[in-house]
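Please treat every number below as a calculation from the coordinates, not as lab data. This structure is a prediction, so every number in the text was calculated from the model and none was measured. Positions of Cβ are generated from backbone atoms using ideal geometry, with glycine treated the same way; all protein chains shown enter the neighbour counts.
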Amino acid sequence: MIVYLVRRLGQSLVAIAAMAVLVFVGVYAIGNPVDILINPESTQAQIAATMQRLGLDRPLWEQFGIFVWNALHGDLGISFVYGRPAMQIILERLPATMELALVALVLSVSIGIPLGVLAGLKPNSIGGRSIMAGSILGFSLPNFWQGMLLILIFAVLLGWLPAGGRGETVEVLGIRVSFLTLDGLKHLILPAMNLALFKMSLVIRLARANTREVCLQDYVKYARAKGLSSRRIVLVHILKNILIPVVTIIGLELGSMVAFAIVTETVFAWPGMGKLLIDSINLLDRPVIVAYLMLTVLIIVTINLVVDVIYSLLDPRVRLSEVDA
Amino acid sequence: MNVRPALLIASLVAATSLTPAMAADLSIGLKSEPTSMDPQFHNLATNAQVLENIFEGLTKQDAVQRLQPGLASKWEASDDTTWRFTLRDGVKFQNGSPLTARDVIYTLCRVPLVQNSPSPFTIYTGAISDVTAEGDDVVVVKTASANPLLPTDMASLPIVSADALGAEKTVTYKPDGKCKGMGDVPQSPAFNSPDIAVGTGPYKLDSFVRGSKLVLTKFDGYWGEAPAWDTVTMRPISSAGPRVAALLSGDVDMIESPPIQDIPRIEGAGFKIIDALSNRIIYLHLYQQDEKAPSITGTNGKNPLLDKRVREAISLSINRKAIVDRIMGGYAKAAGELLPPPMFGTNGREPDGYDPEKAKQLLAEAGYPDGFGITLGTPNDRYINDEKVAQAIAQMLTRIGIKTKVDAVTASQFFSRRNKLEFPIYLAGWGASTGEMSSPLKSLVATYDKETGMGPTNAGRYSNPAMDKILTEAMSTIDDTKREDLLKKAEQMVLDDYGIIPLHYEQTVWAMKKGLSYEPRVDQYTIAAEVKPASE
C-alpha cells in the first residue's frame with residue numbers, strides 16, 4: 001500500500017508540473033495583462049514601469065524560471081490584479097465552493113440513489129419510466145440554462161428564493177459557512193440544485209443499471225428463495241453491491257464539481273473559486289490562474305486516491321498494491 | 001396580555017410610516033467589483049465609483065463632469081506652476097479627526113509608496129514638485145511645468161487620513177516617495193479594515209467580502225447633505241442575465257448596464273430605466289504609420305489608409321443612424337467629434353453623413369476604383385454590442401468596395417494585439433476621465449512619443465505635427481478660454497484630416513425600483529451616495 005501511495009504521489013507531482021507549464025505559456029500567449037489593468041490615460045513610461053514591476057518585461061523563459069524557483073519555495077506569486085499572494089486569494093474563496101459542491105453532492109446521492117434503485121427494481125412501471133425520462137432531461141439540458149430557468153421560476157416568478165449571491169455566514173472552526181443560517185440556506189438551495197442536477201441524473205442511471213444487473217445475480221435469487229424480506233434484500237444485498245461504481249463516479253465528479261462549478265457560480269453570482277477563475281482569465285491574472293489550476297489538479301488527484309482507498313474497503317477483493325495505477 | 005404587543009406593533013408601524021427618514025437600505029448590483037478598498041491602489045473606474053462613497057478628493061466632478069468644490073472650498077493658480085487650495089471648514093474624517101493640510105500632504109506622499117499597484121496613481125502626482133501647508137487650511141501645490149488640469153486630477157485622488165494611517169505629527173513633501181514623517185505606511189490589504197479605510201465621505205466601510213458583497217453604513221458626521229441610506233450593499237454580478245434577474249426578483253434595488261435587449265422587459269415588470277449620453281466615444285482608428293500596414297490586400301503593398309480621400313470614404317460609407325437605431329436600439333448617439341458637445345473643447349461638428357456614392361468616387365480618385373481587402377479588429381465583450389457594430393461596419397465598407405473581414409476577440413486579447421499594431425483598422429472606445437478635449441486628443445491622436453508620453457493609445461499612429469504643437473500649447477495654458485479655443489482648433493484639424501473616425505457616443509443605462517432616482521453620469525459611474533429616494 002505504501003509503495004502504491006508513493007507512486008501515486010510521484011505521478012501527481014508530474015501532472016501538477018505539466019499543468020503549470022501549459023497554463024503559464026498559454027496565458028503568456030494570450031496577451032499582456034497591463035494592457036487591460038492600467039488606466040488608459042497612463043503614458044508609455046508609466047506602462048513600462050508597471051510592466052517592469054510585475055516582471056512582464058523579461059523574456060518568457062526568465063519569467064518562468066523565477067516562477068519555478070519561487071514555487072519550489074512555496075510561493076506561487078503575487079496576483080497582478082489584487083497585489084496579494086495568489087494562493088491566499090484562492091483559499092479565501094475555497095470554503096464557498098466546497099460548501100456548494102458538498103451540498104450538491106449530498107443532494108445528488110440522497111435523491112439519485114433511491115430513485116435509481118426504484119427505477120431498477122421496477123423498470124417498466126410508470127414511476128420507473130418517468131424517473132428515467134427525468135434523468136434524460138437532467139443530462140441533456142445545458143447547465144447555465146437550467147440555472148437561469150431555476151432563477152426565473154423560483155426567484156423571479158414565485159419569489160420564494162433569492163436569485164443569487166451567498167447568504168449570511170457564520171464562522172465554524174475559522175471557516176465561514178453559510179449552510180447553518182436560514183438566509184444562507186435560502187441562498188444555497190438553487191445553486192446547489194443546479195450543480196446537483198447533472199450528477200443526480202448520472203447517479204440515477206448508474207444505480208438503475210447496476211440494480212438491474214445485481215437483481216439477476218445468484219445470491220439475490222438465493223436470498224429471495226431463503227425468504228428474506230425484500231426490504232433486507234434491497235438495503236443489504238443490492239444496495240451494497242451497486243455502491244462500488246457509484247462511489248467511483250461520485251469521487252471523480254466531486255473533483256470536477258469543486259474545480260469547475262464555474263457555470264453555476266457565474267449564473268448565481270456565487271463567490272467561489274470558479275468565479276474567481278473566470279474573472280482572473282478575463283484580466284489575465286496569471287499567478288491566480290496558474291495557482292488555481294495547480295490546486296485543482298491536486299484536489300482531483302487526492303480525491304481519486306481517496307476513492308481507491310474507499311474501493312478497497314467496500315470490496316474486499318480489491319488490493320491497492322495490485323491496482324495498476 | 002395579548003393586546004399589548006399588538007398595540008405596540010401597531011404604534012411602531014404608525015411611527016415608522018409617519019417619519020419619512022425611517023431605516024432605509026439600498027442594494028445595488030454592479031457588473032464589476034473593486035480590487036481593493038485602498039483608494040490609491042488601482043486607478044480604474046471600477047474602483048473609483050465604489051470608493052467615492054467613502055473617500056473624497058479636493059475637487060469633484062458632477063454628473064456632467066464639471067469641476068466642483070470637494071474638500072477644497074476654493075482653489076486658484078497664483079502663477080503658472082503654483083496652485084493654492086483652501087480646505088473646507090469643519091470637515092471631519094470618519095474616525096473623528098479633522099481634515100487638515102497634513103492629510104493632503106500625506107495623501108500625495110503615499111501615492112508612490114503603494115506597492116504592487118496594477119495601475120498607479122502616479123499619473124496625477126508625477127509632475128508635482130512640492131506641496132506645502134500654510135496653516136492648517138491652505139495647501140500650496142507646485143508643479144514642474146504648467147498643468148491646467150491639476151484641479152481636475154485632484155478629483156481622481158481621494159484624500160486619506162494621516163492619523164488613521166499612522167503618520168507622524170509633521171509630514172514633509174519630497175518628490176518620488178521620499179517624504180519625511182510618513183511613519184509605517186499601511187499597504188492595500190490593510191484597507192479591508194474599517195479602522196484604516198477612513199475617509200471623509202458620506203458612507204463608512206462596514207465589511208468587504210471579495211466576490212460577495214461590500215457593505216457601507218451611513219457616516220453621521222458627514223459635512224455635506226445627510227446621506228439617504230442607513231446601509232448600502234453593493235454586490236458584484238458580472239453576468240448580465242443574472243444581474244437582471246437579481247433586480248426582477250427584488251434581491252437588489254438597482255443595477256447598472258442592463259443589456260439593451262432586456263430593457264422592454266424590465267420596464268414591463270414595473271421598473272424605472274434611466275439613461276443618459278456618456279462621454280464614451282466609439283471610434284475607428286486607421287493604421288497610418290507607414291506603407292507596411294498589416295492585413296491589407298489588393299493594393300500592391302501600398303497602404304491606402306495614408307490617403308486622406310480613402311479615410312474620408314470610409315467615414316462617408318458608414319450609416320451611423322442605422323447603427324444607432326438598429327444595433328444600439330436607440331441607446332447611442334451618432335458622433336461627429338471625440339467628446340459629445342457641449343463638453344469642454346468641443347466644436348459642435350455634425351456627424352459625417354451617409355454618402356456611399358461619394359465614398360466610391362473618392363476611392364476611385366485615390367486610385368482604388370475596385371477597392372481593396374482589409375481586416376477590422378474589435379473586442380467582443382468590452383463596449384455595448386461592439387462586435388455587432390463592427391459586423392455592420394464591415395458590410396457597409398464592403399458595399400463601397402473595401403472587402404472587410406471582422407476579427408473579433410475578447411478584450412484581454414484585443415488590447416494586447418491592438419497595442420502591437422496588428423490591426424490595420426480597429427474599433428475601440430474612449431471615455432475622457434477629465435471630461436474635456438485634451439484627454440482624447442492627447443491619448444488617441446497626438447503623435448506617439450515615448451519621451452513626452454503623448455499618444456499612448458494612438459495605435460493607428462496618426463501623426464500631425466501642426467496639431468501636436470497646438471495641443472501641447474493648450475495643455476500648458478492655464479487660462480480656460482484660451483485653452484478651450486486651442487483644443488477646439490486641434491480637434492478640428494484632426495477631424496478635417498479624418499485622422500480618426502468617430503462613430504457614436506454610448507448611452508449609459510441604469511435600471512431601478514420605482515421609488516429611486518439617480519442623476520445619470522456622463523462618466524458612466526454608479527455612485528451609491530448619489531442614489532436618492534424619488535420624491536413623489
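Numbers for the structure displayed
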read-out	value
Degrees, to the nearest 10: B:386-399 long Cα axis against longest axis of chain B	20
Gain in span if fully extended, A:Leu137 to A:Leu72, counting 0.36 nm per residue against the direct Cα distance	18.7 nm
Stretch gain in nm, segment A:Arg7-A:Ile175, where the contour uses 0.36 nm per residue and the Cα spacing is subtracted	57.2 nm
Inter-chain shielding of A:157-168 (mean C-beta neighbours from other protein chains, 10 Å cut-off)	5
Anisotropy class of the range B:45-192 from Cα gyration tensor, a/c 1.5 cut	rounded
Computed label-point distance, nm, for sites B:Thr172 and B:Asn192 using a 7 Å Cα→Cβ extension	3.7
Directionally averaged projected area (convex hull, Cα atoms, the range A:176-325), nm²	12.6
Nitroxide proxy distance, nm - points 7 Å out along Cα→Cβ at A:Leu313 and A:Leu158	3.7
Peptide-level mean, for B:209-217, of C-beta atoms on other protein chains within 10 Å	5
Length-normalised contact order of chain A in % [C-alpha pairs under 8 Å, at least 6 apart]	27
Peptide ranges B:146-154, B:126-134, A:174-182, A:93-101 listed from the most packed, as the mean C-beta count within 10 angstrom indicates	A:93-101, B:146-154, B:126-134, A:174-182
No Cys partner within the rule (Cβ under 4.7 Å), the protein assembly as shown	A:Cys215
Dimensionless Rg over Rh [chain A; C-alpha; Kirkwood]	1.06
Neighbour net charge for A:Gln46 - beta-carbon separation under 12 angstrom, K R +1, D E -1	+1
Anisotropy class of chain B from Cα gyration tensor, a/c 1.5 cut	oblate
Sites A:Leu102 and A:Val306, calculated FRET efficiency, Cβ-Cβ separation with R0 22 Å, nearest 0.05	0.95
Sum of -39500 (n - 2.57) over DSSP H runs of 4+, divided by residues of the protein assembly as shown (222 nm, nearest 500)	-13000 deg cm²/dmol
Residue-wise HN-Hα coupling along the range B:144-152, computed from phi with Karplus coefficients 6.51, -1.76, 1.60 (Hz; x: Gly, Pro)	5, 9, 4, 9, x, 8, 4, x, 5
Net charge of neighbours whose Cβ lies under 13 Å from the Cβ of A:Ala133, counting Lys and Arg as +1 and Asp and Glu as -1	+3
DSSP-defined antiparallel bridges as percent of all bridges, the protein assembly as shown, nearest 5	75
Label-to-label distance, nm, for residues given as B:Gln68 and A:Gln217 (7 Å Cα→Cβ offset)	7.7
Local net charge near B:Thr526, Cβ-Cβ under 14 Å (Lys/Arg +1, Asp/Glu -1)	-3
Folded to 0 to 90 degrees: helix B:480-496 orientation relative to chain B principal axis, Cα	40
In degrees, nearest ten, helix A:2-30 long axis to first principal axis of chain A (Cα)	50
Alpha-carbon centroid distance for the pair the range A:75-115 / the range B:470-530, whole angstrom	43
Set B:Lys292/B:Lys360; B:Lys92/B:Lys204; B:Lys60/B:Lys469; B:Lys321/B:Lys513 screened for pairs whose C-alpha atoms are more than 20 Å apart	B:Lys292/B:Lys360; B:Lys60/B:Lys469; B:Lys321/B:Lys513
Links that overshoot a 23 Å alpha carbon limit, given the list A:Lys275/B:Lys213; B:Lys74/B:Lys174; B:Lys333/B:Lys403; B:Lys142/B:Lys489; A:Lys275/B:Lys31; B:Lys420/B:Lys450	B:Lys74/B:Lys174; B:Lys333/B:Lys403; B:Lys142/B:Lys489
